[in-house]
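The block underneath contains the structure these notes are about, expressed in structure tokens.
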Number of protein chains: 2
Amino acid sequence: MQEGDSVDEYFRSYEELNVHHLMLDDNPRTFAYRKAIFEWREKFKNKVVMDVGAGTGILSIFCAQAGAKKVYAVEASKLAILAKEVVIENNFENVVQVIHNKVEDLDANVIEKVDILVSEWMGFYLVHEGMLNSVIVARDRYLKPEGFMFPSIAKLYAAPCQLPSFFDFWNNVYGVSMKCVGKKYRETKPLKPEVLTVKPQDLLSEGKLIAWLDLKEVSDEDLSHLGGNEWVFPCTKDGNYQGACIWFVVEFPNGSELPTSPMDEETHWKQTVIVLPSTIDVKKGEAIAFKMFLHHDLVNSRRYNIEFIMLDPADAEHDIPCSCNMPKCIVTRAYIQEHVNNPPISRV
Amino acid sequence: MQEGDSVDEYFRSYEELNVHHLMLDDNPRTFAYRKAIFEWREKFKNKVVMDVGAGTGILSIFCAQAGAKKVYAVEASKLAILAKEVVIENNFENVVQVIHNKVEDLDANVIEKVDILVSEWMGFYLVHEGMLNSVIVARDRYLKPEGFMFPSIAKLYAAPCQLPSFFDFWNNVYGVSMKCVGKKYRETKPLKPEVLTVKPQDLLSEGKLIAWLDLKEVSDEDLSHLGGNEWVFPCTKDGNYQGACIWFVVEFPNGSELPTSPMDEETHWKQTVIVLPSTIDVKKGEAIAFKMFLHHDLVNSRRYNIEFIMLDPADAEHDIPCSCNMPKCIVTRAYIQEHVNNPPISRV
């Protein structure tokens with residue numbers, strides 16, 4: 001224990017290290033970055049890179065291993081002290097410069113402009129934690145105009161889903177009926193979104209793109225409200241509509257990606273769900289519609305408030321074509337089908 | 001939301017329900033109780049039962065399903081309100097009486113003596129949470145002299161183990177050496193035992209019985225200090241001695257048990273480990289020795305302080321016979337072997 005550190009601080013630091021252990025141990029996450037960086041080796045070679053929120057410095061070292069000339073590893077927390085040791089342990093002290101500071105507080109006269117801005121800034125349902133705003137500051141101050149964001153694109157998806165652990169589970173708990181407990185459990189639930197693993201078979205429809213962020217262009221203003229459109233989901237199976245499942249995908253400039261959907265290998269982000277107060281039975285082909293907004297909390301900038309509005313699918317705007325079984329969509333599909341099969345004969 | 005309940009209280013109550021969901025969803029745990037109760041059906045039939053710390057009331061209902069005449073389901077928390085609803089939902093309101101109170105505060109003139117005292121009181125490394133003391137109060141006040149504790153026996157085991165997530169993991173994190181982070185991680189660790197899943201192949205020896213509790217007889221005094229002997233563990237394989245793994249087993253009067261060792265199906269208790277500051281290489285046949293005490297915390301009665309003392313196996317008392325490769329144990333084994341193979345001929 002160092003002088004001046006209380007046991008409390010030590011525990012905090014352990015908890016912090018524990019979180020980093022969890023993140024490093026998240027194979028799909030760390031492998032996706034490593035793969036993307038290594039596959040883009042020729043672009044990293046002799047380039048200047050900044051790693052925003054470097055943590056223990058692993059992404060900075062990947063960049064150095066890929067041939068970067070210089071990496072600024074910016075880390076605001078005490079982890080920066082450890083990151084410095086990691087850099088030395090891997091003999092990259094001539095390449096990676098750990099900067100123990102907030103990226104917002106750096107002296108722009110001291111740091112050169114960079115070619116690539118690397119960051120693992122994603123939180124639950126992409127934007128929880130609000131770290132992307134710091135990445136935007138770094139981009140605007142330090143990224144060359146022709147530089148690259150790494151990742152470069154982020155996409156947020158949603159789909160209606162079943163939530164057996166919130167509903168069916170309580171109907172028969174080892175032969176005991178606990179519907180009243182399930183009801184109470186759900187009543188206390190919609191106050192905050194839940195992070196959990198949704199099984200692929202519990203999705204009731206394909207995901208729809210709720211928000212699409214070009215990280216080279218996105219602004220704080222863009223991030224203050226995400227989503228907000230109406231989405232219509234044609235059910236791909238019979239089931240119980242019990243919630244909305246949210247996940248994200250980020251894409252790297254080399255074309256590879258880090259997906260976190262129920263169909264992909266589980267990451268520490270899992271999925272995020274909005275739990276409905278009660279079950280709605282749905283049939284294959286039936287349409288489910290909702291609006292979803294994510295509002296950046298004005299008081300706590302690390303938080304988002306998620307607004308979820310169920311819509312009557314009859315009033316919502318459907319895709320064209322839409323695979324649901326509402327008469328207007330059946331007619332539209334038939335019309336399109338006819339014109340695809342029997343295109344007007346050109347009279348040349 | 002009920003009048004008078006703040007959002008904070010609601011969150012607490014959700015967290016509480018979440019813990020109960022986790023426990024109910026712990027299959028080996030809930031099935032072990034259900035199996036033990038149902039297999040002992042003839043003993044539950046027409047008997048009076050008390051369930052101490054009934055939670056949502058599931059064990060009380062199992063007892064009612066098994067034919068109990070009367071079940072007192074004692075629950076101090078607000079969950080008692082839900083337990084009452086669960087009882088009604090399962091049509092056992094004539095059998096199960098939910099009592100919303102601490103078992104210590106019940107009026108002994110109102111509650112009759114019971115034949116069987118059921119409780120799921122076990123915490124991490126058996127005694128964390130200190131709920132057993134309340135069970136002892138209930139036993140001394142309400143269990144008939146010829147009555148049964150359910151479970152009836154609890155055993156605490158320990159064995160030396162490897163802890164790859166604390167050691168090997170940091171040697172090569174996706175091609176990056178992070179030994180310095182691992183060192184820091186471990187330095188902050190021994191302050192409290194860690195709850196995690198130990199793989200069977202990471203045990204370096206068979207477990208030894210650290211404490212054995214006959215729940216019909218055990219006293220608060222017995223619980224104030226558990227363990228304290230010297231234990232010698234002959235290694236069953238080459239490996240890295242990096243910690244001590246602790247687990248427990250409880251036994252029911254019907255002979256079935258609920259085990260939580262690394263060899264058994266995972267429960268929410270997982271295992272508890274004491275992490276060593278550094279790795280010690282060991283070879284098959286080599287002896288590892290330590291003392292382990294669990295002291296009930298005088299200030300916070302829900303806690304135990306674990307004292308772990310590494311011993312020189314040369315100075316420790318070995319089993320007779322002991323399968324380690326120290327000369328005295330080899331000689332003892334040879335001596336016993338000779339006398340088993342060539343017993344002295346009786347000169348009749």
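The values are calculated or read from the model by the stated rules, or taken from the named source; none is laboratory data. Keep in mind that what you see is a predicted model, and the values were worked out from it rather than measured. So basically every Cβ, Gly included, is an ideal-geometry build from the backbone, and we count neighbours across all protein chains shown. Quick note on the areas: whole protein, heavy atoms, side chains included, nothing else; ligands and nucleic acids left out. Shrake-Rupley method; radii C 1.70, N 1.55, O 1.52, S 1.80 Å.
Between copies, the label points of A:V340, set 7 Å from Cα on the Cα→Cβ line, lie 7.7 nm apart, reported in increasing order to one decimal in nanometres.
Distances between placed amide hydrogens fall under 5 Å for B:Q97 paired with B:V71, B:Y72, B:A73, all partners being 5 or more residues away or on another chain.
In plain terms, chain B is cut at each of the trypsin sites (Lys or Arg not before Pro) found in a DSSP loop with at most 10 other Cβ atoms within 10 Å, and the longest leftover piece is B:1-282. Under 5 Å between amide hydrogens, built in the peptide plane, is the criterion, and for B:V198 it picks out B:Q271 among residues at least 5 positions away or on other chains.
Largest first and in whole Å, give the semi-axes of region B:3-120's equivalent ellipsoid, each being the square root of 5 times a Cα gyration tensor eigenvalue.
Values: eigenvalues 120, 64, 27 Å².
In descending order, the three semi-axes are 24, 18, 12 Å.
Between this copy and the others, label points of A:N325 are 7.2 nm apart in ascending order, each placed 7 angstrom from Cα in the Cβ direction.
Put simply, the amide H of A:G285, placed in the peptide plane, has neighbours under 5 Å in A:C235, A:T236, A:K237, leaving out anything fewer than 5 places away on its chain.
Measuring nothing but how far apart in sequence close Cα pairs (under 8 Å, 6+ apart) lie, relative to its length, chain B scores a relative contact order of 15 percent. Put the Cα centre of region A:10-77 next to the Cα centre of region B:111-183 and the gap is 38 Å.
A Förster distance of 35 Å, applied to the separation of the beta-carbon atoms of A:K284 and A:S177, puts the FRET efficiency at 0.75. When both region B:200-220 and region A:231-287 are represented by their alpha-carbon centers, they are found 45 Å apart. Dipole check for region A:118-173: with +1 at the C-beta of Lys and Arg, -1 at the C-beta of Asp and Glu, and the Cα centre as origin, the magnitude is about 220 Debye.
For region A:37-47, backbone phi angles converted through the Karplus equation (6.51, -1.76, 1.60; θ = phi - 60°) give residue-by-residue couplings of 5, 5, 5, 9, 2, 5, 7, 7, 4, 6, 9 Hz, Gly and Pro being listed as x.
Across region B:264-269, rounded Karplus estimates of 3J(HN,Hα) from the backbone phi angles (6.51 cos²θ - 1.76 cosθ + 1.60, θ = phi - 60°) give 9, 4, 5, 10, 5, 7 Hz, Gly and Pro being marked x. A point 7 Å from Cα along Cα→Cβ stands in for B:D222, and the other copies hold the same point at 6.7 nm, listed in rising order. The GluC sites (Glu not before Pro) of region A:85-175 that DSSP puts in a loop, and whose beta carbon has at most 13 other beta carbons within 10 Å, are A:E93, A:E112. Fraction of C-alpha pairs exceeding 29 angstrom in chain B: 50 percent, rounded to a whole number.
Report in % the part of the accessible area of the protein assembly as shown that belongs to carbon and sulfur, leaving out ligands and nucleic acids; probe 1.4 Å. Taking all protein chains in place, the protein assembly as shown shows 51 percent carbon and sulfur surface. Taking only the Cα atoms of region B:142-297, the radius of gyration and Dmax are 17.8, 64 Å.
Each residue of region A:99-115 is assigned a 3J(HN,Hα), and the resulting list reads 10, 8, 6, 6, 4, 5, 9, 5, 8, 5, 7, 8, 8, 6, 6, 10, 8 Hz, derived from the Karplus form 6.51 cos²θ - 1.76 cosθ + 1.60 (θ = phi - 60°), x at Gly and Pro. Which residues among region A:132-175 fall inside the zone where the amide N is under 14 Å from a point 7 Å beyond the Cα of A:K216, along Cα→Cβ? Answer for region A:132-175: A:140, A:143-154. Translational diffusion of the protein assembly as shown, estimated by Stokes-Einstein from the Kirkwood radius over alpha carbon pairs at 4 °C in a medium of 1.567 mPa s, is 44 µm² per second.
DSSP assigns beta bridges within chain A; of those with both partners inside it, close to 70 percent run antiparallel. Within the protein assembly as shown, DSSP assigns beta bridges of which about 70% are antiparallel (rounded to the nearest 5).
Annotation note: GluC sites (Glu not before Pro) in region A:242-337 located in DSSP loop regions with a Cβ neighbour count of at most 14 within 10 Å are A:E265, A:E266, A:E317.
Semi-axes of the equivalent ellipsoid of region B:243-333 are 29, 20, 15 Å, computed as sqrt(5λ) over the eigenvalues of the C-alpha gyration tensor in descending order.
For the protein assembly as shown, a simple Cβ point-charge model (Lys and Arg +1, Asp and Glu -1, everything else neutral) yields a dipole of about 1320 debye relative to the Cα centre.
When the chain is fully extended, how far beyond the present Cα-Cα distance does A:N91 get from A:N305, taking 0.36 nm per residue of separation? List each step's numbers first, then the result.
Working: separation 214, 0.36 × 214 = 77.04 nm, distance 4.39 nm.
Extra length available between A:N91 and A:N305 comes to 72.6 nm.
Charge tally around A:R303: other residues with Cβ under 11 Å, Lys/Arg +1 each, Asp/Glu -1 each, net 0. For region A:254-324, averaging the sequence separation of C-alpha pairs within contact (under 8 Å, six or more residues apart) and dividing by the residue count gives a relative contact order of 24 percent. Look at the dipole of region A:3-120 built from charges on Cβ: of A:V95, A:G67, A:V19, the Cα furthest out on the positive end belongs to A:G67.
Accessible surface calculations at 1.4 Å, restricted to protein heavy atoms, place the protein assembly as shown at 47 Å² per residue.
Rounded to the nearest 100, the interface formed by chains B and A buries 4300 square angstrom of accessible surface, both chains summed, with a 1.4 Å probe.
Checking Cβ-Cβ separations below 4.7 Å across the protein assembly as shown identifies A:C63, A:C180, A:C235, A:C324, B:C63, B:C180, B:C235, B:C324 as cysteines lacking any candidate disulfide partner.
Hey, with R₀ at 41 Å, roughly what FRET efficiency would A:T197 and B:T236 work out to, going by the Cβ-Cβ distance, to 0.05? Present the calculation step by step, with values, prior to reporting the outcome.
Working: r = 36 Å, r/R0 = 0.87.
E(calc), rounded to 0.05, equals 0.70.
Using alpha-carbon pairs under 8 Å, 6+ residues apart, how would you state the relative contact order of region A:3-120 in percent?
On the way: 172 pairs, mean separation 29.8, N = 118.
Here the relative contact order equals 25 percent.
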